[in-house]
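The values are calculated or read from the model by the stated rules, or taken from the named source; none is laboratory data. These figures come from a predicted structure and were not determined experimentally. Please note: Cβ atoms are built from the backbone with ideal geometry, for glycine as well, and neighbour counts cover all protein chains shown. Surface accessibility is based on the protein's heavy atoms, side chains included, excluding ligands, DNA and RNA. Shrake-Rupley method; radii C 1.70, N 1.55, O 1.52, S 1.80 Å.
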Amino acid sequence: MQAAIIPQYEFMCAAVDDAIHAKYLAAELDDILQIELGRVDEIEEETEGWLFWMNRNGVRFEGKFNQGEGGQVSLAQFKLAVETYLRFLQDPERKPIEVAFPD
């Protein structure tokens, strides 16, 4: 079964997929928590192919190799995507995970 990517989430999915290591994604969740707790206002992150900026108002993305920029999503949507992908990576059977995204 092939998942269809909703255009609104295309950049986010590409950036999360680029951060393929579970260790990196776990650190990403810690950064999200720091923003949620108000300890930092904004965090800039970088993967092999993407730059992205996270703050309470959302997350925006910029491709490092002309993939485009924009694709803003809420911080809650990004957190859910990171948590879900981390669960997938930690599952030795790599079973599909269905998740309803918040608006």
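Kindly evaluate residue 40 against the criterion of being open to solvent by less than 80 Å² (accessible area, probe 1.4 Å), among the β-branched types (Val, Ile, Thr) and more than 17 Å from residue 81 (Cβ to Cβ).
On the way: open to solvent by less than 80 Å² (accessible area, probe 1.4 Å): yes; among the β-branched types (Val, Ile, Thr): yes; more than 17 Å from residue 81 (Cβ to Cβ): yes.
Criteria met by residue 40.
Tell me whether segment 79-98 contains one or more residues that are part of a loop (DSSP other than H, G, I, E, B), in contact with an Asp or Glu (Cβ under 9 Å, 6 or more places away or on another chain) and modelled with pLDDT under 90. I'd like the intermediate steps shown before the answer.
Of all residues in segment 79-98, those part of a loop (DSSP other than H, G, I, E, B) come to 91-98.
Checking the rest, the ones that are also in contact with an Asp or Glu (Cβ under 9 Å, 6 or more places away or on another chain) come to 97.
Filter once more, keeping what is modelled with pLDDT under 90: 97.
Among the residues of segment 79-98, at least one is part of a loop (DSSP other than H, G, I, E, B), in contact with an Asp or Glu (Cβ under 9 Å, 6 or more places away or on another chain) and modelled with pLDDT under 90, which makes the answer yes.
Within segment 57-65, is there a residue that is surrounded by fewer than 16 Cβ atoms within 10 Å (Cβ to Cβ) and assigned to a helix (DSSP H, G or I)?
No.
Restricting attention to segment 37-51, which residues are touching a helix residue (DSSP H, G or I) at 6+ places or on another chain (Cβ under 9 Å) and either of a type in the set (D, E, K, R) or in contact (Cβ under 8 Å) with a residue 40 or more places away in the chain (or both)? Step through it out loud before you land on a result.
Narrowing segment 37-51 to residues touching a helix residue (DSSP H, G or I) at 6+ places or on another chain (Cβ under 9 Å): 39-43, 45, 47-51.
39, 41, 42, 45, 48 - these are the residues of segment 37-51 that are touching a helix residue (DSSP H, G or I) at 6+ places or on another chain (Cβ under 9 Å) and either of a type in the set (D, E, K, R) or in contact (Cβ under 8 Å) with a residue 40 or more places away in the chain (or both).
For a quick check of your reading of the model, give me the residue pairs whose first member lies in segment 67-79 and is open to solvent by less than 60 Å² (accessible area, probe 1.4 Å), whose second is among the hydroxyl-bearing types (Ser, Thr, Tyr) and not in a strand (DSSP E or B), with beta-carbon atoms closer than 7 Å and at least 6 apart or on different chains.
73/9
Quick check on residue 47: is it touching an Asp or Glu at 6+ places or on another chain (Cβ under 7 Å) and β-branched (Val, Ile, Thr)? Walk me through it before giving the result.
On the way: touching an Asp or Glu at 6+ places or on another chain (Cβ under 7 Å): yes; β-branched (Val, Ile, Thr): yes.
Yes; evaluated as a whole, the condition is true for this residue.
Restricting attention to segment 86-97, report how many residues are open to solvent by 40 Å² or more (accessible area, probe 1.4 Å) and touching a helix residue (DSSP H, G or I) at 6+ places or on another chain (Cβ under 9 Å). Steps first, answer last, please.
So in segment 86-97, the residues open to solvent by 40 Å² or more (accessible area, probe 1.4 Å) come out as 87-88, 90, 92-97.
With touching a helix residue (DSSP H, G or I) at 6+ places or on another chain (Cβ under 9 Å) added as a condition, the list becomes 90, 94-97.
Adding up the residues that qualify gives 5.
Take residue 14 and decide whether it is of a type outside the set (Asp, Glu), open to solvent by 30 Å² or more (accessible area, probe 1.4 Å), under 18 Å from residue 89 (Cβ atoms) and not in a loop (DSSP other than H, G, I, E, B). Give the derivation first.
On the way: of a type outside the set (Asp, Glu): yes; open to solvent by 30 Å² or more (accessible area, probe 1.4 Å): yes; under 18 Å from residue 89 (Cβ atoms): yes; not in a loop (DSSP other than H, G, I, E, B): yes.
Spelling it out, residue 14 is indeed of a type outside the set (Asp, Glu), open to solvent by 30 Å² or more (accessible area, probe 1.4 Å), under 18 Å from residue 89 (Cβ atoms) and not in a loop (DSSP other than H, G, I, E, B).
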